[in-house]
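Quick one: structure below, then a few questions.
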4 protein chains.
Amino acid sequence: MEIPKLDHLEKMHGVERVINESGIFKLVSKEFSDKPTKIKLINNVEIGSKKLTIIAGPCAIENKKQLIKTVEYVKKSGATIIRGGAFKPRTSPYSFQGLEKKGLELLERVRQITGLPVITEVMSTEDVKLVAKYTDILQIGTRNMQNFPLLKKVGKIKKPVLLKRGMSATIEEFLLSAEYIYSHGNPNIILCERGIRTFGKMTRNTLDLSIVPLIKQISHLPIIVDPSHATGKRELILPMAKAAIAAGADGIMVEVHTQPEKALVDGNQSLRPSDFSQMMTEIALVAKAVGRTI
Amino acid sequence: MEIPKLDHLEKMHGVERVINESGIFKLVSKEFSDKPTKIKLINNVEIGSKKLTIIAGPCAIENKKQLIKTVEYVKKSGATIIRGGAFKPRTSPYSFQGLEKKGLELLERVRQITGLPVITEVMSTEDVKLVAKYTDILQIGTRNMQNFPLLKKVGKIKKPVLLKRGMSATIEEFLLSAEYIYSHGNPNIILCERGIRTFGKMTRNTLDLSIVPLIKQISHLPIIVDPSHATGKRELILPMAKAAIAAGADGIMVEVHTQPEKALVDGNQSLRPSDFSQMMTEIALVAKAVGRTI
Amino acid sequence: MEIPKLDHLEKMHGVERVINESGIFKLVSKEFSDKPTKIKLINNVEIGSKKLTIIAGPCAIENKKQLIKTVEYVKKSGATIIRGGAFKPRTSPYSFQGLEKKGLELLERVRQITGLPVITEVMSTEDVKLVAKYTDILQIGTRNMQNFPLLKKVGKIKKPVLLKRGMSATIEEFLLSAEYIYSHGNPNIILCERGIRTFGKMTRNTLDLSIVPLIKQISHLPIIVDPSHATGKRELILPMAKAAIAAGADGIMVEVHTQPEKALVDGNQSLRPSDFSQMMTEIALVAKAVGRTI
Amino acid sequence: MEIPKLDHLEKMHGVERVINESGIFKLVSKEFSDKPTKIKLINNVEIGSKKLTIIAGPCAIENKKQLIKTVEYVKKSGATIIRGGAFKPRTSPYSFQGLEKKGLELLERVRQITGLPVITEVMSTEDVKLVAKYTDILQIGTRNMQNFPLLKKVGKIKKPVLLKRGMSATIEEFLLSAEYIYSHGNPNIILCERGIRTFGKMTRNTLDLSIVPLIKQISHLPIIVDPSHATGKRELILPMAKAAIAAGADGIMVEVHTQPEKALVDGNQSLRPSDFSQMMTEIALVAKAVGRTI
């Protein structure tokens, strides 16, 4: 039992540690495995390899037509995984909460049409089985990074889990949440930086790219970057996607909408299809400069 | 349907609003009810009235002896509600996770012995019924403030809910989480400020007392303050408890342990029994100065 | 020479220390003097004693009539020191920058009329002598907390200095800035908490009252609280002033304006004269509850 | 006179604005000049052009030998401007404060030997003339971003000024500080992002790269990035330098020391000479990928 050691950690709250010197990370640490984790999905998609992972799609699944049109476009431009929200965590109870099961069915349809793996968020322990049935990757959102019953539950399935950083989570807390998933049996974890909350007002959050090389020093898990939620502004997504890749990220996740101005959720931070294809062209050059491909 | 209005809110992310001018808060707002909400519990305990609410007890329930000794002491010194954690949200999967059901049973025993209402945290939708059976108030912790399925679930029961502010939640987000509970059917909500995360390193969090008068302007819900988690330091709890009451809080919640140095969780921020009785003496004077009693 | 020890501190950036265990604070620390510093001014005003210090007056000195009317009112209601800005640090170069020397002359007139000590901000090493000639206390503003040449300069005069905390300064940085003043020869230092910058949007800053008891543990210097700049909202000043005193502050500093809606600077956070007298009535009760007087 | 408009800004504190829609930035804005500002220095060095600016050298000038050895190395590896601190802003009064005038003389010697332009920090209005005499660019440090008398003073000379972002400054505040310099007569301004203060503990600050494309949208001024102070960790400088360039920065500024473990200031964040030459090789590839050269 590591209780003394871990309690020690909590009591030292606020103390900068030499990276993992006290062994607080176990299964997710480089000490446990110095080989980078690679996660294999259908269609030969592999996360954590030389080829970057590009996850794209609408923030929320709104209807079949919107979804199909978007995913066909992003596939053509080089996306390797399709995203789309069926269960939406919304600040207000009166906001659109997602199509739920119907959204999952549409996502399954997308998977059949494109042949690409799909990812969607799961918000409740009670939905884990259902969501796992329809998707290739389960996303744990920023608000649930420390929803420990949910982490334990997705730890007990085998489907890969994309874990988003909490909006004010430290790196230790982020990796210990991954440790919850791993220690319950599921080693297929992808970390995702999506911006932290600071005093800044011109962006939705502050993209903290230094976490990318820090994670690479401490952990064998892959890490991707979500510049859409990090910035909240369409025009910042392209430069921040390039910066993320230059910093060593294993991929990016972006929101794309055919008509952002009509989007039910997060239209301001959704790329138009033409923005997305331009982004793919430009990040290919940066990827090459750092020894990666798209 | 308020969807357009609310989406408008989310798009304006970062915009300071004249308080509730756009009507984003409904059921929790003063526009809905200008009479302060009072929550009645057993033993004539009432939250939100002139008499302040004093919630005290150990951070985690460790064993029967420790618990009974602590609660008898705090009752004698004037605590009106007993706290004790049975399910503990811990940063590391290897830390003590609480006694779970056995902890709830001990809490029920405390209720019988003292005649006082009890409060404990619920972390999972699947445990809501169980926890509601054993306790008088369900606590939603800071990490679950935006666990929307959990908010909806506790919205469907009638037991009072104490909602802790997320560690980087704005006041709007905090009240909209309360709105989730209220709009699903449960009006018995107590808000709780417990410190926000800032750059400060000498305290565990930064106690944001200005939220107390702000909440009083916007909402009819009672708000109490937790100086234990806010400061993380025993010696700061007493001055911050006095400050909270001077600012207009409806009560305080503190951790008490008979042997803090041996506590399994959060010993550094637990009052000793003698600290607690001194606190009660001193806050009584401040309470009187602002027209309240203990 | 403590250089090695101090460099050690800077290298440990981010490390929580047991309070001053490594001796980084010298002259400002309790180890140096465990007797609280008291600062004596004209009219028997003493900062740091049982009687609280109440500093009040307009944010900026605008004209003689406005100033005289305001100070007569606040004196009548119990203010013991008069504030008024002659040199104003403004975010934009196009904003009103203060009356400068003419403002100082008006302040001197106020001193003659009321018999009360006066305080005003000094922003430049070149103005230190001039400002010292006209006032009883020199204020170093939040933007200059680490303007080291200015700290050294006010360290070489004998006039008391009120040092405001930087808007994102840690307690160590705050006390080390006071150490700059003390170590250059001036022990007459008053600390002032005025809110820190966080993600919060409903208040101008976040008032961090836990610094008050922390400073009392580490240092012998008096500390007062400025709820006007901390909150930026008139209606929050009274509850936060009461909270500050309950937390153990040695006094408060507030902005008062006879017509806040016409103020050239910071009208939203200025008390009306009637607000000020109500505040004095209410804080007198809280002061008594914590063993102080006004 | 724009006073009403600007006061309006300050009253709206906390409000997200459509970029410069209210015209708060004048001379530094793209509305004033849509041609990017280019700053010409000796040796055909030009800041703000296609060729990136690489500023390198020791944090503090310690002695002639150390300085000459370092600058010869960084020149050989491609640095185009030499940095070196003569006046050091130190948190503690007991830390090494810099060689002051002697440091400036050594910097002049470096300029003669290498033929490269030099930059050093100026902390006091009284030193502006002296520092301007010895250097090609005057640096205003993060702690002085809102030292308005200093901004006005460097606004009255013609030497280029590198303005570092305050550690908790918003973009509006940053650009308005540049506006102070410009409106007092000096248009030769280089902005510098160097990390903001957040809750993060594994890095000294949090590098906020999204400011780079934001500045490019609002202003015609060049912006460079300082990954040394932003991260405080040697091993993060290379990935963050690449990310900065991918995001569109006009250059980078890094600290280099021949023996970091013996550095008087900031050794942990100083590159070794070999790190620097590797960085130059790698950033050249990223520069090419985004249409720039080094």
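A short reminder: the numbers here are calculations on the coordinates, not readings from a lab. This one's a predicted model, so the numbers in the text were calculated from it and none came from an experiment. Here the Cβ is made from the backbone with ideal geometry for all residues, glycine too, and neighbour counts use every protein chain on show.
So what's the range D:235-280 giving for Cα Rg divided by 2.2 N^0.38 Å, two decimals?
Taking the Cα Rg and dividing by 2.2 N^0.38 Å, one obtains 1.18.
Now for a separate question. What FRET efficiency, computed as 1/(1 + (r/R0)^6) with R0 = 35 Å and r the Cβ-Cβ distance, is obtained for C:Gln217 and C:Asn63, rounded to the nearest 0.05?
For R0 = 35 Å, the calculated efficiency reads 0.20.
Okay, next question. How big is the dipole moment of the range A:195-247 about its Cα centre under a simple scheme where the beta carbon of each Lys and Arg is +1, that of each Asp and Glu is -1, and everything else is neutral? Debye, nearest 20, please.
Using Cβ point charges on Lys, Arg, Asp and Glu, the range A:195-247 gives about 160 debye.
Enter the angle in degrees (range 0 to 90, nearest 10) between the Cα long axis of helix D:101-114 and the first principal axis of the Cα atoms of chain D, meaning the one along which they spread out most.
In chain D, helix D:101-114 runs at an angle near 80 degrees to the longest axis.
Further question on the same structure: Starting from one equal scatterer on each C-alpha and no solvent at all, send me the Debye-based log10 I(q)/I(0) for the range B:38-146 at q = 0.10 Å⁻¹, two decimals.
-0.27
I've got another one for you. For chain B, set up a GNM with springs between Cα atoms under 10 Å and report which of B:Lys51, B:Lys164, B:Lys262 has the largest fluctuation.
B:Lys262
Further question on the same structure: With +1 on each Lys and Arg Cβ and -1 on each Asp and Glu Cβ, and nothing else charged, work out how big the dipole of the protein assembly as shown is about its Cα centre, in Debye to the nearest 20.
0
Let me ask another. Pull up the DSSP beta bridges for the protein assembly as shown and report the antiparallel fraction as a percent, rounded to 5.
Of the beta bridges lying entirely in the protein assembly as shown, close to 15 percent run antiparallel.
Report the local net charge at B:Gln278: Lys and Arg +1, Asp and Glu -1, summed over other residues whose C-beta lies under 15 Å from its C-beta.
+1
Let me ask something additional. Taking each label point as 7 Å beyond Cα in the direction of the beta carbon, state the distances from A:Gln259 to the same residue in the other copies, shortest first, in nm.
Ordered by distance, the counterparts are at 5.3, 6.9, 7.0 nm.
Could you list the residues of the range D:253-294 with an amide nitrogen less than 17 Å from a label point located 7 Å from the Cα of D:Asn44 in the Cα-to-C-beta direction?
It comes to D:293-294, nothing else.
What is the log10 of I(q)/I(0) for the range B:25-88, computed with the Debye formula using one identical point scatterer on each Cα and no solvent, at q = 0.24 Å⁻¹?
Values, matching the q order: -0.99.
Could you please report the charge total around A:Pro160, scoring K, R as +1 and D, E as -1 over all other residues with beta-carbon less than 12 angstrom from its beta-carbon?
Spelling it out: positives minus negatives among the neighbours equals +2.
Taking K and R as +1 and D and E as -1, what net charge do the other residues with C-beta under 11 Å from the C-beta of C:Lys242 add up to?
So the environment of C:Lys242 carries a net charge of 0.
Using just the helices of chain D, give the 222 nm mean residue ellipticity in deg cm²/dmol: DSSP H runs with n ≥ 4 each add -39,500 (n - 2.57), and the total is spread over all residues, rounded to 500.
Counting only the DSSP helices, I get -11000 deg cm²/dmol.
In the P(r) worked out for the range B:25-289, what percent of Cα pairs fall beyond 33 Å?
11
Something else about it: Take the Cβ-Cβ distance between A:Lys76 and B:Lys156 as r, set R0 to 35 Å, and report the resulting FRET efficiency rounded to the nearest 0.05.
According to the calculation, E is roughly 0.20.
If you take every DSSP beta bridge fully contained in chain C, what fraction is antiparallel? Give it as a percent rounded to 5.
Bridges in chain C are about 15 percent antiparallel.
Which FRET efficiency value, to the nearest 0.05, is calculated for D:Thr258 and A:Gln259 with the Förster distance at 60 angstrom and r the Cβ-Cβ distance?
According to the calculation, E is roughly 0.55.
How far, in nm to one decimal, is D:Glu72 from itself in the other copies if the label point is set 7 angstrom along Cα toward Cβ? Shortest first, please.
6.7, 7.6, 8.2
Find, among the residues of chain A, the one whose Cβ sits nearest the axis of the rotation taking A to B; state the distance in whole Å.
A:Ser168, 2
Same structure again: Just round it to a whole percent: the fraction of Cα-Cα distances in the protein assembly as shown exceeding 57 Å.
Looking at the protein assembly as shown, the distances longer than 57 Å represent 12 percent of pairs.
What is the pair-distance distribution P(r) of the range B:77-134, computed from all Cα-Cα distances in 10 Å bins starting at 0, with each bin given as a whole percent?
With a bin width of 10 Å, the distribution comes to 23, 50, 23, 4.
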